[in-house]
Amino acid sequence: MTYARPADRMGALRLHLNENTGGCSQAVIDAIRQLTAEDVAYYPDYAALTRECAEYLGVREGQLVLTNGLDEGLLAATVSAFRLFRGTSELPEAIIPTPAFEMYSIFVKAAGGRTVSIPPKPAFEFQLQEVCDALTPRTRIIFLTNPNNPTGQIIPREALRDIARRVPAEVTVVIDEAYYDFCGETLLPEIDAHPNVIIGRTFAKAHGLAGLRAGCLIGDPDRLNQIREAVPPYSLSVFAAAGWRAALRDREYLGWYRTQVEESKELLYAACERLGLQYWRSAGNFVLINVSRVGDPGEIVDAMATRGILVRDRSKDPGCGGCIRITAGLVRHTEIVIEALEGLCAAP
Ligand SMILES: Cc1ncc(COP(=O)(O)O)c(C=O)c1O
C-alpha cells in the first residue's frame, strides 16, 4: 500500500484534504519574510520554538517532540515501537480501528510491521472491546484518531483510559488529535497518568500550516526519547521554525477560523437535511456525507471537480460506502460547495 496523492487542479477550491481554506495568519508570512540569508544558510535552532510550543500546549519541554508535520511523528513512533521487537519469523503488529487515516498502515508497512484492522460498527461507535480482543504478544502500537478522520466521531474518554490501562508497557497507544482545535476534546491533561500514551497534534489544520509542515508528539519523556532517535535532528526547516512561532501567538486568527468552521459545518448539515442526504455530525473540520441517493460517489467527486471543487471520495473506506468527505472551511467556500451539491441533486 502506498500513498496516492489525490488529483490537484490549479485554481480549484480545495475541500479534499481538510486543509485550512483561509490560508494562515498574516503574522506567519511576515515572520518568514524577516528571515535573513544567514538564517537560511545555517542549521536551525529550535530552542525558542520548543519553549513556546510547550508553553502553548501546557506541557514540559521534555514531554514534547516537534516533527515535520504530524506524519513524521507518526512514522517515528511506529519505527520506535517496532524497533525492539524480537519476533522469530513473525512481524510486529499495529492495531488500527477503521475507518482510519490511511497513513497509519502505510507507515506500519514502511517500518516492517503488519496492520491488524478492526472493522467499523454500524454507527461508527468506538470498537473498544474489539481493540482489546485484537491484542497479541506481537502488538506494539495502536492508532486511535480522536476525533476520527473521516467520520468526525469522538472516542469516549473512558474508552481511551481503558485501553491505556489495559495494554502492556511495550505497546504504544497513539492518540492522534489532529483535529483537536475544532472540538477541544483531548486526553492531554491526563498524560502523566498514562506513560504508554503518545498524543499527536498538527498545526496544519486550524493554524493553516499544512504546507509549512508543523506537528508534534506529546508524552512520557522516556518513551519520547526513544522516538526522538527516529527523528532527524534538523527535520524542521528554518521557515517552519519562524512561521510556527508566529502562528502560536496569533490566537485571534485561530478563534476566527474555528468560528468559520463551526458555521460551515452547520450549513453543510442543513443542506444535507434539505437534500435528504445522510451525514454524521463532525468534531473535525470536515463532514462525511452519504451521497448514494444522488449517484455514484466517484462520479459526484468528478462532477464537482469539473465545477472547480475538489472533495474526497471516501466510499472505499470500511463502513463508508456511498460517502464523500467535504472540508468545512471558510463560510464563503462552503456556500459554493453547497450550491454545487444542490445542483447535482436537482439534475435529472
Ligand atoms: C488524522 C490525521 N493525522 C495526521 C495528519 C497529518 O498531519 P500533518 O499534515 O501535520 O502531517 C492528518 C492530516 O490530514 C490527519 O487527518
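The values are calculated or read from the model by the stated rules, or taken from the named source; none is laboratory data. These numbers were taken from a predicted model, which means no experiment stands behind them. Cβ sites come from the backbone with ideal geometry, for glycine too, and all protein chains shown count toward neighbours.
Tabulated values for the structure
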| item | result |
| --- | --- |
| Of the criteria (1) within 16 Å of the ligand (Cβ to nearest atom); (2) outside any loop (DSSP other than H, G, I, E, B); (3) among the basic types (Lys, Arg), which one ARG5 fails | (2) |
| Residue count for region 205-242, restricted to those that are outside any loop (DSSP other than H, G, I, E, B) and more than 20 Å from the chain's Cα centre (by Cα) | 10 |
| Elements of type strands (runs of 3 or more DSSP E) contained in region 42-151, each with 3 or more residues being assigned by TED's automatic domain parsing to the domain that holds VAL197 and away from the ligand (no atom under 13 Å from the Cβ) | 93-97, 114-118, 139-145 |
| Pairs, first within 23 Å of ILE191 (Cβ to Cβ) in region 39-56, second in a loop (DSSP other than H, G, I, E, B) and not hydrophobic (A, V, I, L, M, F, W, C), C-beta under 8 Å, six or more apart | ALA54/ARG60 |
| Among the candidates ALA31, ALA4, residue that is under 22 Å from the mean Cα position of the chain (by Cα) and more than 28 Å from THR186 (Cα to Cα) | ALA4 |
| Per-region count, region 32-60, residues loosely packed, with under 13 Cβ neighbours inside 10 Å and on the phi < 0 side of the Ramachandran plot | 14 |
| Selection from region 295-348 of residues that are hydroxyl-bearing (Ser, Thr, Tyr) and in contact (Cβ under 8 Å) with a residue 60 or more places away in the chain | THR327, THR334 |
| Filter result for the condition that a residue is acidic (Asp, Glu) and surrounded by fewer than 20 Cβ atoms within 10 Å (Cβ to Cβ), over GLU177, GLU158 | GLU158 |
| Which numbered condition LEU17 misses (of (1) outside any helix (DSSP H, G or I); (2) away from the ligand (no atom under 16 Å from the Cβ)) | (2) |
| Count - residues of region 152-187 that are within 16 Å of the ligand (Cβ to nearest atom) and in a helix (DSSP H, G or I) | 4 |
| Checking GLY219 against (1) in contact (Cβ under 8 Å) with a residue 12 or more places away in the chain; (2) surrounded by fewer than 22 Cβ atoms within 10 Å (Cβ to Cβ), the condition it does not meet | (2) |
| Hits in region 5-19 - residues which are of a type outside the set (A, V, I, L, M) and surrounded by fewer than 16 Cβ atoms within 10 Å (Cβ to Cβ) | ARG5, PRO6, ASP8, ARG9, GLY11 |
| Filter pass, LEU84 being touching a strand residue (DSSP E or B) at 6+ places or on another chain (Cβ under 7 Å) and of a type outside the set (Asp, Glu) | no |
| Number of the condition not met by PHE107 [criteria: (1) of a type outside the set (D, E, K, R); (2) more than 25 Å from PHE182 (Cβ to Cβ); (3) touching a residue at least 12 places away in the same chain (Cβ under 8 Å)] | (2) |
| Filtered residues of region 278-307 (kept if of a type in the set (Gly, Ala, Ser) and either closer than 30 Å to ARG201 by Cβ or assigned to a loop (DSSP other than H, G, I, E, B) (or both)) | SER282, ALA283, GLY284, SER292, GLY295 |
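One line per residue, one yes/no per condition, for (1) of a type in the set (Phe, Trp, Tyr); (2) modelled with pLDDT under 95; (3) within 23 Å of LEU70 (Cα to Cα):
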position	(1), (2), (3)
TYR3	yes, yes, yes
ALA7	no, yes, yes
MET10	no, yes, no
GLU19	no, no, yes
GLN26	no, no, yes
ARG33	no, no, no
GLU38	no, no, no
ALA41	no, no, no
